[in-house]
Amino acid sequence: MIYHPENYSIKDQRMKPFIDPDEIWNFINYSKGDKHRVREIIKASLDKKRLSLEETAILLNAEEPDLIEEIKEGARTLKEKVYGERIVLFAPLYVGDLCINNCQYCGFRAENKGMKRITLSKEELINESTALIDQGHKRLILVYGEHPKYSAEFIAETVNIVYGVKHDNGEIRRVNINAAPFDINGFRTIKDSGIGTFQIFQETYHEPTYAKVHLGGVKRNYDWRLTALDRAQEAGIDDVGIGALFGLYDWRFEVLGLVRHVNHFEAVYKVGPHTISFPRIQNALSLNIDKAHLVKDDEFVRLVSVLRLAVPYTGMILTAREPKEIRDQVLRFGVSQIDGGTNLELGGYSKAKKDTQDLTMKQFQINDNRSLNEIMDELIKTGYIPSFCTACYRLGRTGEHFMEFSVPGFIKRFCSPNALLTLAEYLEDYAPQDTKEKGYKLIDEKIADLSNHQNVEKLREKVNLVKDGKRDLYF
Ligand code: SAM
Ligand code: SF4
């Protein structure tokens, strides 16, 4: 059976589990396509159509090297055609590592007695935020273990604290959240603190595997987690991020699980997720997983390309879990957000030293600990436009990821100018001289590319205002 959202009544689906493993396995086992069919599917995606589960499965099943290359090329073209060269930057900030759950892949799990348990005090949270502001960050994701101490009220308070920190010309303008699932009231409390995206990863969409790796605590309940972002939607949070932890189960199953999650949201809430994350399992204190499903580098590149084509309008997040070489490669296939200057050690940013190999202070090991400026410099050199833009969210233009995608000219009118303005702010306030020179050269080139555009004169004026000390200018 091919999944069509319209075949499912909305009332039937609200806050109900929606994964049918047999349906997913049928798609994996029986969806095959020749070269012609694969090309048709890539074309549909380039025409901005979200792919069905069957079409996605056909791409996942393409094994011939030349077809895999065509899929990667399709993802690259889609990224260039739809999103241009912007890459949004953010940093994760771990607020506390207390946890009642026993997820076998996670260093924070309750049974890990060797983990140093830390919850940042108000002062420490301010210090961490200040250190991140001083790197040049404007967007953070706050991360928490699952624990009664980390109630909705606690999370809302930490969000308010972070928004309240100002240092020199800097401030955090958008706070996203990655935390445990709440009930509708809890989500409402957190929404009211003014968050951007609420991220919750299903980890694995395969229920028996889910049961095997979640051995204690509330997180054992697969359905409570699967329907978590439905409750967020019911609470008015329409900006949600989904994800799967790759390496727990068959990667093709997880990709189809993610796509099924997307079409569930589209059918029920008329809006897909804002972002998709696809973390691969990294080393962690007493990591205890079956290694049979670990995802190899070439499979990872394939899965990112297929996801890009399957859900062409959604932001895709790639984190410092991956080493620089993989990040450089995968960036081209459709990633829209990356972190920079990442330090997962609790309280690590304000200690002004890089993330270390000490697993007792963090959830898992990262593999890219370049500073934000090293990453900025490299992006600029490669011709990407690093962006700290938060304009849409602050102007209430929610669903901006969808507008970027579906409103002709939106990127040229808003996203590119705003990316360049936030880059100019970074260059003025945080960049060393050589990055600054390269950065302004890039800004001049990109403004020249926009030369026929209606906002270009205003953009030139605003860049000059930034040079004169004005901040937070946007379209
Ligand atoms: N406690 C919250 C929860 O479980 O939803 C917050 C999640 S955790 C702090 C953020 C994400 O990191 C998890 O959802 C999981 O996908 C990922 N993660 C956990 N252990 C990992 C590991 N060893 N390697 C890579 N990612 C991991
Ligand atoms: Fe706790 Fe989240 Fe880690 Fe599970 S993944 S042990 S819930 S912090």
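Overall, the anisotropy analysis places segment 281-349 in the oblate class: the square-rooted eigenvalues a ≥ b ≥ c of its C-alpha gyration tensor yield a/c not less than 1.5, with a/b not exceeding b/c.
For segment 363-379, the Karplus equation 6.51 cos²θ - 1.76 cosθ + 1.60, evaluated at θ = phi - 60°, returns couplings of 5, 7, 7, 9, 10, 9, 10, 5, 5, 4, 5, 4, 5, 4, 4, 5, 4 Hz by residue, with Gly and Pro reported as x. Here the gap between D297 and K353, fully extended at 0.36 nm per residue and compared with their Cα-Cα distance, gives a gain of 17.2 nm. For segment 336-475, the average shadow cast by the Cα convex hull is 10.0 nm², which is a quarter of the hull's surface.
Using the 1.4 Å probe convention, the accessible area of segment 92-184 works out to 35 Å² per residue with neighbouring protein chains retained. Pairs over the 21 Å Cα-Cα cut-off, from the set K48/K191; K351/K470; K219/K270; K436/K470; K166/K441; K48/K462: K48/K191; K351/K470; K219/K270; K166/K441; K48/K462. Remark on the chain: C99, C389, C392, C415 stand apart, with no other cysteine beta carbon under 4.7 Å. Each 10 Å bin from zero holds the following percent of Cα-Cα pairs in the chain: 4, 20, 32, 28, 13, 2, 0. Think of the chain as having a plus end and a minus end, set by charges on the Cβ of Lys, Arg, Asp and Glu; of Y426, I281, N367, Y426 sits farthest toward the positive end of this dipole. Among the trypsin sites (Lys or Arg not before Pro) in segment 321-392, those placed in a DSSP loop whose Cβ has at most 15 other Cβ atoms within 10 Å are K353, K354.
I'd like the FRET efficiency for D449 and K81, computed as 1/(1 + (r/R0)^6) with the beta carbon distance as r and R0 of 25 Å, rounded to 0.05. Don't skip to the end; give the middle numbers.
Details: r = 15 Å, r/R0 = 0.60.
Result of the calculation: an efficiency of 0.95.
Dividing the summed -39500 (n - 2.57) terms of all DSSP H runs of n ≥ 4 by the residue count of the chain sets its mean residue ellipticity at 222 nm at -13000 deg cm²/dmol.
Just for segment 30-176, what percent of DSSP beta bridges are antiparallel, to the closest 5? All intermediate terms of the calculation are to be shown ahead of the outcome.
On the way: 3 of 11 bridges.
Among the beta bridges of segment 30-176, antiparallel pairing accounts for roughly 25 percent.
Ordering L142, N343, F300 by the projection of their Cα atoms onto the charge dipole of the chain, which places +1 on the Cβ of Lys and Arg and -1 on the Cβ of Asp and Glu, puts L142 at the extreme positive end. I want to make sure I understand the PRE zone here: with the label point 7 angstrom from the Cα of D192 toward its beta carbon, which residues in segment 138-172 have backbone N atoms less than 15 Å away? Those under the cut-off are 152-160.
The values are calculated or read from the model by the stated rules, or taken from the named source; none is laboratory data. This is a predicted model, so every value here is computed, not measured. Cβ: placed from backbone, ideal geometry, glycine included. Neighbour counts: every protein chain shown. Just the protein is used for accessible areas: all its heavy atoms, side chains included, with ligands, DNA and RNA removed. Shrake-Rupley method; radii C 1.70, N 1.55, O 1.52, S 1.80 Å.
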